[in-house]
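Quick notes on the structure that follows.
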Amino acid sequence: AVDRATEALQRLLRAREGEIETCERRIRDLEASQRELANELLAMTTAMDEAGDPRLLAAALRDLEDRHVAALELMGETSEENEELAARVEALQETLRAVGNGSS
């Protein structure tokens, strides 16, 4: 009876040792994950610090978009003015040709 009890206790001990090894392996995996996440958090924090405050960046982007729209409008107006001036120049040239042909 003592031998059976000893064998049962030894089996139980081996089972517990296996559980302990599994737990230790899991702890090592979790510690590695924690280090990786800490490094990722540090990298993201550094990137955010370098990029600046997202609210300020959004405001700067809106300002740039407004300036871009204003520049496009100005370019459109300038283009229209150029077309009008080109038409006037053409009309003047035609008038000069007509005057030149009429005086010859």
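Just so you know, all these numbers are worked out from the coordinates, no wet-lab data involved. Keep in mind the model is a prediction, meaning the values are calculated, not measured. All Cβ positions, glycine included, derive from the backbone under ideal geometry; neighbour counts span all protein chains shown.
The table that follows gives values for the structure above.
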| quantity | calculated |
| --- | --- |
| Pairs with Cβ under 8 Å, 6+ apart, first in the stretch 23-40 and on the phi > 0 side of the Ramachandran plot, second of a type outside the set (Ser, Thr, Tyr) | none |
| Residues that are more than 41 Å from the chain's Cα centre (by Cα) and of a type in the set (Gly, Ala, Ser), drawn from the stretch 15-33 | 15, 18 |
| Yes/no for residue 50 being surrounded by 10 or more Cβ atoms within 10 Å (Cβ to Cβ) and either of a type outside the set (A, V, I, L, M) or not in a helix (DSSP H, G or I) (or both) | no |
